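Notes for the one structure printed next.
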Amino acid sequence: MTSLTSERLLLREFKDDDWVSVHPYACDPEVVKYMTWGPNTSDDTRNFIRRAIAYQQEQPRRHFELAITLREEGQLIGGCGIRVSSHELREGNIGYCLNRNYWSKGYATEAARELLRFGFEALSLHRIYATCDPENYASRRVLEKIGMTLEGHLREILLMRGEWRDSLIYAILAREWKNSDTPLR
Ligand SMILES: CC(C)(COP(=O)(O)OP(=O)(O)OC[C@H]1O[C@@H](n2cnc3c(N)ncnc32)[C@H](O)[C@@H]1OP(=O)(O)O)[C@@H](O)C(=O)NCCC(=O)NCCS
């Protein structure tokens with residue numbers, strides 16, 4: 001079972017009853033505005049939790065969907081994930097999503113940094129990427145803060161709620177991560 005700790009956060013595996021804390025943000029239109037999923041029905045959220053729990057049994061494990069919780073209070077404030085997109089190429093991708101009450105406190109940056117550490121150290125990945133809507137400025141800033149480079153602008157690659165959307169791709173290589181300040185706690 002994977003659990004990652006940072007200064008203020010514990011990123012841990014999802015449990016059955018987490019859907020109660022996930023649903024308030026997963027059904028919030030403002031939170032899912034730039035996501036390919038949502039706003040969720042309660043069944044959608046329950047299914048997401050079921051899938052996240054099923055991933056815990058994968059051999060070898062490709063998907064790590066983790067709850068973002070506050071270390072002190074134990075409160076679940078969001079979710080994040082790292083998925084191995086190619087074992088052969090040692091490539092993975094990350095994502096994150098927070099309850100609106102917890103935005104702008106540096107939590108997504110803190111969680112994403114831990115995902116990079118886990119991806120490069122524990123999973124021995126060579127490259128980690130993330131995609132993001134060009135208008136999602138908060139997420140773009142998170143990806144910049146964790147040392148990723150903007151590699152491309154993909155035009156109308158997503159059909160989101162009936163609308164074609166562009167996507168930006170950001171990435172960081174293992175050697176860039178090792179040479180950055182990020183590995184130091
Ligand atoms: C994107 C998201 C995860 C960011 O989480 P967060 O915890 O608020 O992020 P952080 O506090 O670590 O950093 C946000 C940065 O973006 C900046 N920012 C926030 N809103 C911004 C805006 N509209 N324009 C420009 N910068 C913005 C903040 O100032 C901060 O940068 P700074 O530290 O240089 O001041 C959060 O807004 C969220 O959950 N959004 C909905 C889900 C989502 O879009 N997920 C990402 C999909 S790619």
Subject >> Enumeration of residues in region 10-31 that are within 12 Å of Glu114 (Cα to Cα) and surrounded by fewer than 20 Cβ atoms within 10 Å (Cβ to Cβ) >> reply: Leu10, Arg12
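Condition check ((1) more than 17 Å from the chain's Cα centre (by Cα); (2) within 14 Å of the ligand (Cβ to nearest atom); (3) among the aromatic types (Phe, Trp, Tyr)) across all residues:
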site: Met1; (1), (2), (3): yes, no, no
site: Leu11; (1), (2), (3): no, yes, no
site: Phe14; (1), (2), (3): no, no, yes
site: Asp28; (1), (2), (3): yes, yes, no
site: Gly38; (1), (2), (3): no, yes, no
site: Arg61; (1), (2), (3): no, no, no
**OP:** Please specify each residue of region 61-102 satisfying the condition of being exposed (fewer than 15 other Cβ atoms within 10 Å of the Cβ), at negative phi and part of a loop (DSSP other than H, G, I, E, B).
**Re:** Arg61, Arg71, Glu72, Glu73, Gln75, His87, Glu88, Leu89
Original post:
Checking Ile128 against (1) under 14 Å from the mean Cα position of the chain (by Cα); (2) within 8 Å of the ligand (Cβ to nearest atom), which single condition isn't satisfied?
Top reply: (2)
Original post:
If you go through region 167-175 one residue at a time, do you hit one that is within 13 Å of the ligand (Cβ to nearest atom), free of Cβ contacts under 8 Å to residues at least 24 places away in the same chain and either surrounded by fewer than 15 Cβ atoms within 10 Å (Cβ to Cβ) or assigned to a helix (DSSP H, G or I) (or both)?
Top reply: no
Original post:
Can you find a residue in region 98-111 that is without any contact (Cβ under 8 Å) to a residue 40 or more places away in the chain, under 16 Å from Thr36 (Cβ atoms), of a type in the set (Val, Ile, Thr) and within 11 Å of the ligand (Cβ to nearest atom)?
Top reply: no
Subject >> Odd one out for Leu116 among (1) farther than 18 Å from Leu11 by Cα; (2) in contact with a helix residue (DSSP H, G or I) (Cβ under 8 Å, 6 or more places away or on another chain); (3) touching a residue at least 60 places away in the same chain (Cβ under 8 Å) >> reply: (1)
Subject >> Top-ranked residue of region 131-149 - restricted to ones that are assigned to a strand (DSSP E or B) and within 7 Å of the ligand (Cβ to nearest atom), ranked as farthest from Pro29 (Cα to Cα) >> reply: Thr131
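Residue by residue, here is whether (1) closer than 29 Å to Arg161 by Cα; (2) among the small types (Gly, Ala, Ser); (3) free of Cβ contacts under 8 Å to residues at least 24 places away in the same chain holds:
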residue: Leu4; (1), (2), (3): no, no, no
residue: Val20; (1), (2), (3): yes, no, yes
residue: Tyr25; (1), (2), (3): yes, no, no
residue: Val31; (1), (2), (3): yes, no, no
residue: Asn47; (1), (2), (3): yes, no, yes
residue: Gln57; (1), (2), (3): no, no, yes
residue: Glu72; (1), (2), (3): no, no, no
residue: Arg83; (1), (2), (3): yes, no, yes
Original post:
So which residues in region 1-28 are among the aliphatic types (A, V, I, L, M) and in a loop (DSSP other than H, G, I, E, B)?
Top reply: Met1
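Every number here is computed from the coordinates shown, using simple stated rules; none is lab data. What you see is a predicted model; the values in this text were computed from it and never measured. We place every Cβ from the backbone using ideal geometry, glycine too, and count neighbours over all the protein chains shown.
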